[in-house]
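Inspection log for the structure reproduced underneath, given as structure tokens.
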Amino acid sequence: MRFDTNWIKAVVQATRDLTPGIREFTLAPEGGATPYPTGSHLTVRVLIYGRPDLRHYSLIGEPREGCWRIAVKREDPGRGGSRYMWSLPPGARLDVAPPDSHFELSRDAPEYLLIAGGIGITPLRGMATALARRKVAFRMVYAGRSRSQMAYVDELAADLGPRLEIVAEDEQRTIDFAAEFARLHPEAESYVCGPIGLLEAARQAWQRTGRRPERMLYETFGSSGRYAAEPFLVRVPRLGLEVEVAQNITMLDALEAAGVGVLADCRRGECGLCMLDVVAIEGKIDHRDVFLSQRQHAENRKICSCVSRAVGGAITIDPPWRGDPVLE
Amino acid sequence: MNTAATFPLNAWYAASWDAELKHELLARTVSGKKIAFYRTLAGEPVALEDACWHRLLPLSMGRLNGDNLVCGYHGLVYNPHGRCVRMPSQETINPSACVRSFPVIERHRFVWVWPGEPALADPALVPDLHWNANPGWAGDGKVIHPACDYRLVVDNLMDLTHETYVHAGSIGNDAVAEAPFEVSHGDHTATVTRWMIDIEPPPFWRIQLGKPGNVDRWQIIHFMAPCTVAIDVGVAPTGTGAPQGDRARGVSMWVINTITPETEKTCHYFWANVRDYRVNEQRITTEIRDSITKVFHEDEVVLEAQQRAIDEHPDHIFYNLHIDAGAMWARRLIDRMIAAEGRAPRSAAAE
């Protein structure tokens, strides 16, 4: 469900570097930290080059001593949200919306598998604790480049023991999804959070097992792709426009700034409202949405402009503007 | 968030009788939450938030397709867990699409729902009303929907003095108002015990017992927080040992009441009467149910008038008498449950 936003003030109570690239922020909201279902996130108002924008960060564990906790990975080539967050020292103030939940743990599955990739550990950290407390069958598979770059590894190992499996690339390991899913109870649920490549691989493997799609739950903020973000050009012949998309802004924002009418709602690649017709592509499309199916991604006839990008050149799109019809 | 609350959310509330809930949609509000209830094909109860994720149309206006609920506006399909499993005109499903599903359990002939924090919904906390589904006991009941704060019904049941005045023609007589009583309590329960020794039985009990002469009559009221009142009542011929524990020559009945807040000023009042005598005679079940229906209608008239009077005198608060001790313990236990949720109880009914 979606709720109207009531912004509240919060103070950065403390920061803690979990790894060289991931920093945990303890936030003390005015009026105390309300509880939330595990898997919830905070929406934070950030400033990027002085321009206000919104970022979503998963909440870690449960509220502690009146505070909420989030963890932010520093994305130097990113759009600027993480650099802003990393600039905040203890004592800094910021505006946050109360916890919201799109990724809730069910109550009654017979078994659970949590799959985390990199910073995608954040919503799953609390789920692991909740499942351990419930004494239900579950496992967590946590993938990353190397143990030293993966947050919460030690505390998870202590909490979960043999139910935790660390899959580190620098140890020459990858997740064997087929094997993981094969040993699950037929009505088990899987919760996935991580980069789009991991998510796509998990969803495809899940589909191949014949399991029901609604038993795999996932969350994506549309912030990761198969390729690093780079600047590209959008040609809009119908309007006689060429729009530059800088490396650190979205195609949707660039088009809106140029006066191209595009609808949008979720801004994280889920709802499909910002989808545009693709006329031509020089290079590739880095599809980062979950609205279009795998088949539709392969067709390359549509692009979800809130999250997806062109790589290696330019894209030509056709917006829905047709002028006002003359009715006879 | 309410600044003051009249009911806790972390509690099992009766939402329907077992027979009321079918493989069809039932819209009911429980503790302020709009909920769409139904049974799956296998008979399992389901409780989903009654507002579509998409455009908020009540899902209870939709239809069932097997175990799934189809929204009656744009056809989004939800499974019994509240997850959206189909969206119109797209090849994928928005991963955020779901409605809240409430913990629900069927027990003692009622379907119970937990509107609060799901992780706390322990089935062991369902009020013990086992007599309502036990072959040693026969009976039945109904649900009524009084337009009053559910706590006024609890007050009513926690002090049966009112029988003398509200139900003079059936179960009330002067002995109820005059007999002494004892009140005790625990962390989650309050108990009011009243024995009337060697009295002339009122008409209802004379018929049930089917014997002449004076009786010992008991009323032992068990409150289970926040809104269940199970009353152990009966009569036995005087001198046959009932006060000492031998009820063999008497007749016993449990008056089962669980009063679910619908809103702050309306409730769903589920009641049943089950007896341990002539348990195979359906006629007795029907006669008792019909006569209790009339008795409880007398209560309903009083309770709704009381709620109106409270609303018409917003600056007045209640006086309490000695007879209100049971009701006051009940309200204190309710307030503790509300406070434990971090909310402020609104303890005086007429503030």
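The values are calculated or read from the model by the stated rules, or taken from the named source; none is laboratory data. Since the structure is predicted, the reported quantities are computational estimates derived from the model, not experimental observations. Backbone-built Cβ (ideal geometry, glycine too); neighbour counts: all protein chains shown. The accessibility values were calculated without ligands, DNA or RNA, using every heavy atom of the protein model including side chains. Shrake-Rupley method; radii C 1.70, N 1.55, O 1.52, S 1.80 Å.
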>> Explain nothing, just compute: Karplus ³J(HN,Hα) = 6.51 cos²θ - 1.76 cosθ + 1.60, θ = phi - 60°, for every residue of region A:37-51 in order, whole Hz, x for Gly and Pro.
In response: x, 4, x, 6, 10, 9, 9, 10, 7, 10, 10, 10, 6, x, 9
> How much area per residue is accessible in the protein assembly as shown when the probe is 1.4 Å and only protein heavy atoms are counted (Å²)?
Replying inline: 45
> In the protein assembly as shown, with Lys and Arg counted as +1 and Asp and Glu as -1 at Cβ, which of these residues, B:GLN307, B:ASN132, B:TYR78, has the Cα nearest the positive end of the dipole, that is, farthest along it?
Replying inline: B:TYR78
>> Of all beta bridges DSSP finds with both residues in region A:232-318, what is the antiparallel percent, to the nearest 5?
In response: 85
> To the nearest 20 debye, what is the magnitude of the charge dipole of the protein assembly as shown about its Cα centre, counting +1 on the Cβ of each Lys and Arg and -1 on the Cβ of each Asp and Glu?
Replying inline: 1700
>> Between B:ALA119 and A:VAL279, what is the label-point separation in nm under the 7 Å Cα-to-beta-carbon projection?
In response: 5.3
>> Cut-off 10 angstrom, C-alpha nodes, Gaussian network model of chain A. Which of A:GLU169, A:GLU219, A:GLU62 fluctuates the most?
In response: A:GLU169
>> Given Cβ point charges of +1 (Lys, Arg) and -1 (Asp, Glu) and nothing else, what value in debye, to the nearest 20, does the dipole of region A:8-100 about its Cα centre take?
In response: 240
> Using a 1.4 Å probe on protein heavy atoms, which residues of region A:95-113 have at least 30 Å² less accessible area in the complex than alone?
Replying inline: A:HIS102, A:ARG107, A:ASP108
> If you take the accessible area of B alone, add that of A alone, and subtract the area of the pair, what total do you get in Å², probe 1.4 Å, to the nearest 100?
Replying inline: 1700
> When the helix-only estimate is applied to chain B (DSSP H runs of n ≥ 4, each -39,500 (n - 2.57), divided by the residue count), what is the mean residue ellipticity at 222 nm, nearest 500 deg cm²/dmol?
Replying inline: -6500 deg cm²/dmol
> Hey, what D do you get for chain B in µm²/s if you plug the Kirkwood alpha-carbon radius into Stokes-Einstein at 4 °C and 1.567 mPa s?
Replying inline: 59
> In region A:262-299, which residues give up 50 Å² or more of accessible area once the other protein chains are added, compared with their chain alone (1.4 Å probe)?
Replying inline: A:GLU270, A:PHE291
> How many angstrom lie between the C-alpha centres of region B:262-306 and region A:122-194?
Replying inline: 54
> Hey, what do the phi angles of region A:52-61 turn into as Karplus ³J(HN,Hα) couplings, whole Hz, using 6.51/-1.76/1.60 and θ = phi - 60°, x for Gly and Pro?
Replying inline: x, 8, 10, 9, 10, 10, 5, 7, 8, x
> What are the ³J(HN,Hα) values, in whole Hz, obtained from phi via the Karplus relation 6.51 cos²θ - 1.76 cosθ + 1.60 with θ = phi - 60°, for each residue of region B:106-122 in sequence order, with x given for Gly and Pro?
Replying inline: 9, 7, 6, 6, 10, 9, 10, 10, 10, x, x, 5, x, 5, 8, 6, 8
> Taking the Cα centre of chain B as the origin and placing charges on Cβ (Lys, Arg +1; Asp, Glu -1), which of B:LEU9, B:PRO237, B:PHE223 is farthest toward the positive end of the dipole?
Replying inline: B:LEU9
> What does the charge count near A:ILE48 come to, summing +1 for each Lys or Arg and -1 for each Asp or Glu among other residues with Cβ under 13 Å from its Cβ?
Replying inline: +2
> Ignoring ligands and nucleic acids, what accessible area does B:SER170 show with a 1.4 Å probe (Å², nearest 10)?
Replying inline: 30
> At a 1.4 Å probe radius, carbon and sulfur cover how many percent of the accessible area of region A:90-183?
Replying inline: 49
>> 5 Å is the cut-off here: which amide hydrogens, built 1.01 Å from N in the peptide plane, fall below it relative to A:LYS302, excluding neighbours closer than 5 in sequence?
In response: A:VAL278
>> Counting other C-beta atoms within 10 Å, and keeping those with at most 16, which DSSP coil trypsin sites (Lys or Arg not before Pro) do you find in region B:205-270?
In response: B:ARG249
> What share of all Cα pairs of the protein assembly as shown, in percent, falls into each consecutive 10 Å distance bin?
Replying inline: 3, 13, 20, 20, 16, 12, 9, 5, 2, 1, 0
> So for the protein assembly as shown: antiparallel DSSP bridges make up what percent, rounded to the nearest 5?
Replying inline: 85
> Amide H to amide H under 5 Å from A:ILE48: which residues, 5+ apart in sequence or cross-chain, H placed 1.01 Å off N in plane?
Replying inline: A:ASP53
>> Cross-link candidates for A:LYS302: which lysines have Cα within less than 19 Å, leaving aside residues fewer than 8 places away along the same chain?
In response: A:LYS284
>> If you average the alpha carbon positions of region B:83-107 and of region A:245-260, how far apart do those two centres end up, in angstrom?
In response: 33
> Regarding region A:232-318, what are the three Cα extents along the principal axes, ordered largest first, in Å?
Replying inline: 30, 26, 24
> With each pseudo-label sitting 7 Å past Cα toward Cβ, what's the A:GLN207-B:ARG55 distance in nm, one decimal?
Replying inline: 2.9
> What is the distance in Å between the Cα centres of region B:9-78 and region B:163-224?
Replying inline: 40
> Along the charge dipole of region A:232-318, which of A:PHE291, A:VAL262, A:GLY240 sits closest to the positive end, that is, farthest toward it, with unit charges on the beta carbon of Lys, Arg, Asp and Glu (+1, +1, -1, -1)?
Replying inline: A:PHE291
> Roughly what % of DSSP beta bridges within chain A run antiparallel, to the nearest 5?
Replying inline: 65
>> If Rh is defined by the Kirkwood formula over all Cα pairs and Rg also comes from Cα, what ratio Rg/Rh do you get for region A:1-144?
In response: 0.97
> Residues with amide H under 5 Å of A:MET275's amide H, sequence separation 5 or more or different chain, H placed in the peptide plane at 1.01 Å from N; which?
Replying inline: A:SER305
> Is the shape of region A:111-219 rounded, prolate or oblate, going by the alpha carbon gyration tensor and its root eigenvalues a ≥ b ≥ c, with a/c under 1.5 for rounded and a/b larger than b/c for prolate?
Replying inline: oblate
